[in-house]
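First comes the structure, then the notes that go with it.
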Amino acid sequence: MKILPFLLTLLLVPAIAFSQSTNAKDLVSKMTLEEKVNLVVGMGMNLPGMNTGAPVVGQTMDKVPGAAGTTYGIPRLGIPNTVVADGPAGLRIEPVRKDDKNTFYATAWPVATLIASSWDIKLAEEIGAAMGNEVKEYGVDVILGPALNIHRNSLGGRNFEYYSEDPLISGKMAAALVNGIESNGVGTSIKHYAVNNQETNRNTVNVILSERALREIYLKGFQIAVKESQPWTVMSSYNYINGKYTSEDYDLLTTILRKEWGFKGLVMTDWFGGKDAVAQMKAGNDLLMPGTAAQKKTIQDAVTNGTLDIKILDENAARITDYVLNSQAYKKYAFSNKPDLAEHAKLVRTAAAEGMVLLKNNNALPLKKTIKVAAFGNTSYSFIAGGTGSGDVNEAYTISLVQGLTNAGFTLDEQIKTAYTGYLDEYNTKNPKKGFIQEIMNPTPAAPEFDAYKKMLVKKAEETDVALITIGRNAGEFRDRQKDNDFYLSDAEKTLITSVAAAYHANGKKVIVIINAGGVIDVASWRNEADAILLAWQGGQEAGNAVADILSGHVNPSGKLATTFPLRYEDEPSSKNFPGMEFPEKATTGMLGMKAVPAEVTYEEGIYVGYRYFNSFDIKTAYEFGFGLSYTNFSYGNMELSSKDLKEKITATLTVTNNGKTAGKEIVQLYISAPSNKLNKPSAELKGFAKTKLLQPGQSQKISFTITPADLASFNTASTAWIADAGSYTVKIGASSTDIKQSSIFSLDKEIVTEKCFKVMTPQAPVKELMK
């Protein structure tokens, strides 16, 4: 792959942080009260048929059409407007503009679930650098991402925006993306801080959980991202945590984020998040977005009547001013509106293939290009690049499976192709997509699965050499997924797989299923019908080409699952209480006129999320955390520990060898089992991972991991501290969370407090949690 010119300057250290400089404080001291208030409240948001803000004469909310919001400018002090835009899978702006023949498409990158499945931090940073280049060249100052909430439940509507069920992968991937983006001199906003793990009642749900679960599972990724990348901004979430709105919670935004973790940037709300603008200012939520006239009046009145100390407002304004002084808008960068989209598309293709996961392969893959392929399933002809809502991207194109196969030199059955494309064209003509907001509120349903293939099936099973079936799923903002006809396949999809498999197997031919989805679906009920299963996730605009690269063997699959595929949805520990209970009798009118129903959910599973639950309680899965196949085989040499007694650190080293006949990459995972002397603990937790280089047949690579007391520590609520307990620890290195290749034991002679914390986040009532 050609190295992007600007990647040569990619920072290998955390992005430069900024704090309240003397210059910023001096500028704030020169502002009027009205200017300070305008600065901490965004300039509104243009939506079709409505305007949510109070625009200032001479300033525009459309500096970059399609951007999510704009901050207030103070020209007399040299403070310009700045622009923030979605989103996690690529820059979201309008692709066409009135009276302008140019186009402004952005790159649709692979979704976060796929990036995490690559387990490749360097790759994530390269993606960030390219994404940040588009942010800069399109005149945007901050991109609203990455998002790193936890995959608590498979039905989470925005799981495609989030990386994993594990906070280590989530934090490491987010930090890498931030460092890449911010190497361009533009900002990020890591989100949604915190515990935003569902879309159902997201503005009203009160999440009740223990402080240990909060810190070990739901805050840990943010902590890693802040410490390893210092993002310019953090976005607070919509929900309550233990009775407090996150955007109004001083402990969350100031005590933990700033005092404990050392965050130096500004905090902004999610759009229209929270209720009390004054409480948000006091909590350290500096910028209210997108901003409303009512918020401005509330803050100004509070300062005037003494209920909001002007010093607090000055502090909020200073953090925003510091951000502005670092922005490209302040530096008057002459953005081109011409990022190198063609070069970025090459990286999309490479990245997509790196994160796709081969779940099954009974000598069906790779395919020879001399064969004739029959492609079944609507999604084979209409690939899904990414999720919906603010995480969607306006890209110039998306390569479908059949386009990718054609580009790779495969021959496709034209009769099947013509039948499917004709059906989909007719459906789309009759059911056109609505505008952005209308589509969010009332999505256009996907076309029912085409069933006229049945008339051709017997004949095509004789005429073609292999059957490909694509199962597609999409989800996004405002609604969670459903169990029926979503997590589980629809009756039409079950019939499709069963019918095609029967016909092709009767002729001694293979059936390959491709999953084009942003999240987890059921595979256990139908996988025996397939000879191979490729989890393609949502690979961005070059997804079809990337799938063809893997199917053809041009790329050896190396992705592994960063989230568990259960045997049944009901096996998930959170399935019993997701998405919680509602109180409809207390409903009010909320954001954008939508009904707001108070709700509550208790995280009864505590720290036992994902593999921490399945492995600790011996619950069988369809495919475990960390699983993924290759076209080659790897062996793991003996592990060596630098010491059997941990003082400051221990190094674990082993050699991985490609024993097969095909070049490939292996993802090596390190888990640690800790003693359960004082706290209930999972059977093992991920503490490190590494992806090898491309190993040729017979080639080896030495892999080393460093283990410190902090890696062993759990949060002890009684002590309000992270503590590594004394005792024996087992290091486990393997190809997945259950496929352990090597293990070794070391000891910690005495308890070590690795970090002392402030006492915060007390639940309204004791939380009865799952115990091992």
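The values are calculated or read from the model by the stated rules, or taken from the named source; none is laboratory data. What you see is a predicted model, and the numbers here were worked out from it, not measured in a lab. Methodologically, a virtual Cβ is constructed for each residue, glycine included, from the backbone with ideal geometry; neighbour enumeration extends over all protein chains shown. Surface accessibility is based on the protein's heavy atoms, side chains included, excluding ligands, DNA and RNA. Shrake-Rupley method; radii C 1.70, N 1.55, O 1.52, S 1.80 Å.
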Notebook entry, point to check: Do you know which residues across the range 733-772 are of a type in the set (A, V, I, L, M, F, W, C) and at pLDDT 95 or above?
Noted result: I733, A735, I740, I745, F746, L748, I752, V753, C757
Margin query: Could you check the range 712-743 and list, in sequence order, the residues that are among the polar types (S, T, N, Q) and within 23 Å of L219 (Cβ to Cβ)?
Written below: S714, N716, T717, S719, T720, S737
Next item on the list: Among the residues of the range 710-726, count how many are surrounded by fewer than 20 Cβ atoms within 10 Å (Cβ to Cβ), over 27 Å from the mean Cα position of the chain (by Cα) and farther than 13 Å from S210 by Cα.
Entry: 3
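Name the single residue that is nearest to V324 (Cα to Cα) among those in the range 279-303 being among the β-branched types (V, I, T) and open to solvent by 20 Å² or more (accessible area, probe 1.4 Å). Steps first, answer last, please.
As a first pass, look at the range 279-303 and keep what is among the β-branched types (V, I, T): 292, 298-299, 303.
Checking which are open to solvent by 20 Å² or more (accessible area, probe 1.4 Å) leaves us with 292, 298, 303.
On the way: T292: 20, T298: 24, V303: 24 Å.
Selected residue: T292.
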Note to self: Quick check on the range 647-671: of everything there that is touching an Asp or Glu at 6+ places or on another chain (Cβ under 8 Å) and open to solvent by less than 10 Å² (accessible area, probe 1.4 Å), which residue is farthest from D749 (Cα to Cα)?
What the structure shows: N658
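Would you mind finding the one in L308, L365, L358 that is in a loop (DSSP other than H, G, I, E, B) and open to solvent by less than 10 Å² (accessible area, probe 1.4 Å)? I'd like the intermediate steps shown before the answer.
On the way: L365 fails: open to solvent by less than 10 Å² (accessible area, probe 1.4 Å); L358 fails: in a loop (DSSP other than H, G, I, E, B).
Step by step, each of L308, L365, L358 is checked, and only L308 is in a loop (DSSP other than H, G, I, E, B) and open to solvent by less than 10 Å² (accessible area, probe 1.4 Å).
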Note to self: Being under 17 Å from V668 (Cα atoms) and not in a strand (DSSP E or B) narrows it down to one residue among S744, S704, S736, S719; which is it?
What the structure shows: S736
Check: Within the range 462-469, is there a residue that is part of a loop (DSSP other than H, G, I, E, B), touching a helix residue (DSSP H, G or I) at 6+ places or on another chain (Cβ under 9 Å) and open to solvent by 30 Å² or more (accessible area, probe 1.4 Å)?
Finding: no
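I'd like to verify a number: residues in the range 401-426 that are in contact (Cβ under 8 Å) with a residue 24 or more places away in the chain and either crowded, with 17+ Cβ neighbours inside 10 Å or part of a helix (DSSP H, G or I) (or both), how many? Break it down into steps so the answer makes sense when it comes.
Within the range 401-426, the first condition is being in contact (Cβ under 8 Å) with a residue 24 or more places away in the chain, and the residues that meet it are 401-405, 407-413, 415-417, 419-421, 423-424.
With the extra rule that they be either crowded, with 17+ Cβ neighbours inside 10 Å or part of a helix (DSSP H, G or I) (or both), the set shrinks to 401-405, 407-408, 410, 412-413, 415-417, 419-421, 423-424.
Within the range 401-426, residues that are in contact (Cβ under 8 Å) with a residue 24 or more places away in the chain and either crowded, with 17+ Cβ neighbours inside 10 Å or part of a helix (DSSP H, G or I) (or both) number 18.
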Next item on the list: Say whether the condition of being open to solvent by 50 Å² or more (accessible area, probe 1.4 Å), at pLDDT 95 or above, out of contact with any Asp or Glu (no Cβ under 6 Å at 6 or more places or on another chain) and closer than 16 Å to S380 by Cβ is met by at least one residue in the range 479-492.
Entry: no
Notebook entry, point to check: What do you reckon, is I384 open to solvent by less than 60 Å² (accessible area, probe 1.4 Å), closer than 30 Å to V64 by Cα and touching a residue at least 12 places away in the same chain (Cβ under 8 Å)?
Noted result: yes
Note to self: Against the definition (modelled with pLDDT of 95 or more and more than 30 Å from L694 (Cα to Cα)), how does M289 come out, yes or no?
What the structure shows: yes
Checklist line | the range 515-561: number of residues that are open to solvent by 10 Å² or more (accessible area, probe 1.4 Å), of a type in the set (S, T, Y) and assigned to a loop (DSSP other than H, G, I, E, B) | finding: 1
Notebook entry, point to check: Within the range 229-242, can one find any residue that is open to solvent by 10 Å² or more (accessible area, probe 1.4 Å) and not polar (S, T, N, Q)?
Noted result: yes
Next item on the list: Within the range 569-626, track down each residue that is in a strand (DSSP E or B), open to solvent by 30 Å² or more (accessible area, probe 1.4 Å), in contact with a Pro (Cβ under 8 Å, 6 or more places away or on another chain) and not polar (S, T, N, Q).
Entry: E582
Checklist line | Test set (1) buried (at least 24 other Cβ atoms within 10 Å of the Cβ); (2) more than 17 Å from the chain's Cα centre (by Cα) - I208 fails condition number | finding: (1)
Item checked: Among (1) modelled with pLDDT under 95; (2) open to solvent by 10 Å² or more (accessible area, probe 1.4 Å); (3) touching a Pro at 6+ places or on another chain (Cβ under 6 Å), the one test that G44 misses -> (2)
Next item on the list: Could you please give the count of residues in the range 202-242 that are assigned to a loop (DSSP other than H, G, I, E, B), under 22 Å from Q295 (Cα atoms) and not basic (K, R)?
Entry: 5
Notebook entry, point to check: Looking at T429, T379, T444, which is the one that is surrounded by fewer than 19 Cβ atoms within 10 Å (Cβ to Cβ), part of a helix (DSSP H, G or I) and of a type in the set (S, T, N, Q)?
Noted result: T429
